[in-house]
Amino acid sequence: MKIGKNLIKRFSESDFFYDFKHAPITIVSFIFVISLSLLAIFADFVAPTNPFDAGSLNLMNGFTPPMEPNEFTEETFILGTDDQGRDLLSAIIFGLRVSMFVGISAVILAMTLGVTMGLIAGYFGGWIDSLIMRIADIQVTFPSILIAVLIFGITRGVLTPDLRDELAITVLIISIGLSEWVPFARTVRGTTMVEKEKEYVQAARLIGLNRVQIMYRHILPNVMSPVLVIATITLALAIIAEATLSFLGVGAPPTEPSLGTLIRIGQDYLFSGEWWILLFPAITLLILALSVNLLGDWLRDELNPRLK
């Protein structure tokens, strides 16, 4: 208990927390990210209805405008309903869960792969370094969204039709994760090449630690600061990539729609007057991606002493 109080006191008196308190845009972004994350986590308890329970839907509620009673059922919905009569607020909350789950999982995959490749390339050097970096150079010549589409298409083609919808989210995570590992690898490689020449690494070699122990026990903790910054920024890119793929119809299945799927559905009805079906999911996606980006920018400036 005493240790916890000391940690809280040290954090509250740190320069990091002081700078955070004096960055109003960062505070607002942090509040938005936390609020949207809590909505996604507790969607089952927060959402007014379960929009993906077909038995609870009433088609007569379809295309109900926001805050206006339906002409047939007299029900009112805060953000209106879509073509199937689903409460749009509930659909956004559940879609937010899918988008954030895919984004966070894809970043974890990209970070794990990129950090591992970067450590190996930076520590061993030679032909291993050249091979990994040439693969990275080839990948960055193509837009990451095209790489994700390619991986998604190949993986879906290998699966049987029965498994495609069942594993669609997993395939989506793998596709985005494999398209975003390069920034992690390049950053970790450069830092590892500097760290491996320092005295503490030489001391670790002298006491008999093997290369894997040195890389993960000693070098890895010293390269994590820039990795965390890249992960935050990549999270926003991953969420947008997921929305893009779902908007194109190659992402989340209709049974588990994400924000991108909801935007694609809304786009079909935009010019027929049902503007709310597109507007509210798009605003939610914009707020989420912008808030995460602003947090990432602040972390980059905060953890880089050269920018202070």
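Key figures for this structure:
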item	result
Long-range amide H partners of THR81 with built H, under 5 Å	PHE63, THR64, LEU88
Probe 1.4 Å, accessible area per residue of the range 152-308, Å²	50
Within the chain, longest stretch clear of exposed chymotrypsin sites (Phe, Trp or Tyr not before Pro) (DSSP loop, no more than 13 other Cβ within 10 Å)	73-308
VAL46 versus GLU166: modelled label distance in nm, points set 7 Å from Cα along the beta carbon direction	3.1
Gain upon complete extension [ILE207, ILE31; 0.36 nm per residue less C-alpha separation]	58.6 nm
In Å², nearest 10: area of SER99 left accessible to a 1.4 Å probe	0
Neighbour-limited loop hits for trypsin sites (Lys or Arg not before Pro), the range 166-262 (at most 16 other Cβ within 10 Å; DSSP other than H, G, I, E, B)	LYS198
At most 16 other Cβ within 10 Å, DSSP loop - GluC sites (Glu not before Pro), the range 183-280	GLU197
Where labels lie 7 Å past Cα in the beta-carbon direction, separation of TRP275 and VAL158 in nm	4.6
Accessible solvent surface per residue of the range 72-118, calculated while the other protein chains remain in place, 1.4 angstrom probe, Å²	35
Proximal aspartates and glutamates relative to LYS21, as straight alpha-carbon distance under 12 Å, when same-chain residues fewer than 8 apart are discounted	GLU13
Difference of contour (0.36 nm per residue) and Cα-Cα distance, MET60 to THR76	4.5 nm
VAL140/ASP297 FRET efficiency (R0 22 Å; Cβ-Cβ; nearest 0.05)	0.55
Solvent-accessible area, 1.4 Å probe, carbon plus sulfur percent, for the range 64-198	67
Helix runs (DSSP H) in the chain reaching 27 Å along axis by Cα, Kyte-Doolittle at least 1.6	88-124, 224-247
Where only C-alpha atoms are counted, convex hull volume of the range 74-168 per residue in Å³	149
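The values are calculated or read from the model by the stated rules, or taken from the named source; none is laboratory data. What you are looking at is a predicted structure, and each value in this text was computed from that prediction instead of being measured. Quick reminder, even Gly has a Cβ in these numbers, built from the backbone with ideal geometry, and neighbours come from all protein chains shown. The protein model used for the area step is the full one, side chains on, heavy atoms only, and it has no ligands, DNA or RNA in it. Shrake-Rupley method; radii C 1.70, N 1.55, O 1.52, S 1.80 Å.
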